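Below is one structure, written out as structure tokens; the observations come after it.
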Amino acid sequence: MRRRLAAGNWKMNMTPTQGAAFIKEIAPLVAGAEAEVLFCVPAIDIPAAVEAAKGTNIEIGAENFYYEAKGAYTGEISLDMIKDTGVEYVLMGHSERRQIFGECDEMINKKLLAALAAQMKPILCCGESLEIREAGDTLTWIEGQIRSAFTGVTADEVKKTVIAYEPIWAIGTGKTATTGQAQEVCGMIRELVAKLYDAGTAEAVRILYGGSVNPENAAELFAQPDIDGGLVGGASLKLTFEKIVKA
Ligand code: PEP
């Protein structure tokens, strides 16, 4: 059985003080939830968020890191630095990192390999633009992103990786993929994992949907057979994220 995951992505929102206060406020609302509850937060918020989440079922993750161990990379943070705070989950391949900060498939593969080598829990994002969807190339595009990200990754490591399917046209736009569209791509990703690895790995890997998930649409999306939870941006900044966790 795959455990459901409700993962928030705060993006560049919340100061350390605001983030800690929010965690303390939402903690009693999600206490005892069946799903795993995670907030991926900006690097500077991590220590305060980890402290605020102590003794709760909330986990804290990092939104970003650099794959090199250390050195002359001004402004970057390493996996060792993140691990030292007690954080396990790390995001990679988010479309905002790809589009705004120019992270390419090769870099995302390096990030995934580095996170796995560091015994972290990676959340690998993939997703197509509106142009790609309208051209009918979604499945080919996603397959390319997944094949590239998983280069050199073993079946056991894939099982430890969470894949998040996030159509770019649905992120922060209020435009959610229909349950049919979300399930089609998540199902295809699971089939691809079976083809690249084996049926057991495909059965074990968790696949999330992300893109304007909110308390109203969460239950229907998460009821799909190949959707194991959500990666949630805007709606993870509100206490009503509780409803998404419970969905
Ligand atoms: C995201 O940031 O990964 C995301 C899906 O954002 P939103 O839920 O705001 O669309």
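Bear in mind that the values in this text are calculations on the coordinates, not laboratory data. Keep in mind that this is a model prediction, so the values were computed, not measured. Positions of Cβ are backbone-derived with ideal geometry, glycine not excepted, and every protein chain shown enters the neighbour counts.
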Counting other C-beta atoms within 10 Å, which of MET120, MET107 has the fewest, and how do the rest follow?
MET107, MET120
Relative contact order for the chain: what percent, with Cα pairs under 8 Å and sequence separation of 6 or more?
21
Cα-projected label distance for ALA199 with THR56, points at 7 Å along beta-carbon direction, nm:
4.2
Across the chain, what fraction of all alpha-carbon pairs, as a whole percent, falls in each successive 10 Å bin from zero upward?
8, 34, 39, 18, 2
Provide the net charge surrounding THR154, with neighbours chosen by a C-beta distance below 12 Å and charges set as Lys +1, Arg +1, Asp -1, Glu -1.
-1
Here the gain from full extension of ILE44 to LYS243, 0.36 nm per residue of separation minus their alpha-carbon distance, amounts to 68.9 nm
Cut-off under 24 Å on the C-alpha distance; same-chain residues fewer than 8 positions from LYS238 excluded. Which lysines are left, in chain and number order?
LYS11, LYS24, LYS54, LYS175, LYS246
Given H placed on each backbone N at 1.01 Å, which residues far from LYS121 in sequence or on other chains put an amide H within less than 5 Å of it?
TYR89, VAL90
Could you derive backbone 3J(HN,Hα) for the stretch 183-197 from the dihedral phi with the Karplus parameters 6.51, -1.76 and 1.60 (θ = phi - 60°), listing whole Hz in sequence and x where the residue is Gly or Pro?
5, 4, 6, 5, x, 5, 5, 5, 4, 5, 4, 5, 6, 6, 10
Whole-Hz couplings from phi, Karplus 6.51/-1.76/1.60, listed for the stretch 16-23; x for Gly and Pro
x, 5, 5, x, 4, 5, 5, 4
